[in-house]
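Here's the structure, in structure tokens; my notes come after.
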């Protein structure tokens, strides 16, 4: 039995949105690498210390923007993968919303003012909430046998 035998055709949208997030994550990682050079924060230092580097806050904001996205990624991926099995188009739309708000979350954070991450970035939690509802719906339908 092939995967395509039990996954809806529209599940391809879920896969594409997840790959889009992977590209976004790679881009954020590159931004951290460029910030390392710009603010003189060598590897393996994860966070700069303000008493040692006048640009520590700026670098740390770029680093945190990416790190927070990495911290949220497992939950986002599992909700997309599972919820998308029953609601592929809805999950793809919610995932796209999440991806776009994650971009703005990172851009806002990277300004050096952590509160700017929430301007548009705060709406990403609506995407996650919707994905949770879709995944709950999928789980309940499995329990009920259909």
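Some points to look at:
- Comparison of 65, 93, 83 shows that the only residue that is under 21 Å from residue 139 (Cβ atoms) and crowded, with 22+ Cβ neighbours inside 10 Å is 83.
A quick yes/no check of all residues on (1) farther than 20 Å from residue 73 by Cβ; (2) buried (at least 19 other Cβ atoms within 10 Å of the Cβ):
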| residue | (1), (2) |
| --- | --- |
| 98 | no, yes |
| 101 | no, yes |
| 117 | no, yes |
| 129 | no, no |
| 141 | yes, no |
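- Scan of the range 39-67 for residues that are in contact with a helix residue (DSSP H, G or I) (Cβ under 8 Å, 6 or more places away or on another chain) and either under 22 Å from residue 100 (Cβ atoms) or assigned to a helix (DSSP H, G or I) (or both), ordered by number: 39, 56, 58, 59, 61, 62, 63, 64, 65, 66
- Top-ranked residue of the range 28-38 - restricted to ones that are in contact with a helix residue (DSSP H, G or I) (Cβ under 9 Å, 6 or more places away or on another chain) and over 23 Å from residue 91 (Cβ atoms), ranked as surrounded by the most Cβ atoms within 10 Å (Cβ to Cβ): 35
- Residue match in the range 5-27 (condition: over 27 Å from residue 138 (Cα atoms) and surrounded by 20 or more Cβ atoms within 10 Å (Cβ to Cβ)): no
None of the figures in this text is laboratory data; all of them are computed from the coordinates on show. Since the structure is predicted, the reported quantities are computational estimates derived from the model, not experimental observations. Note that we place each Cβ from the backbone using ideal geometry, even for glycine, and neighbour counts take in every protein chain shown.
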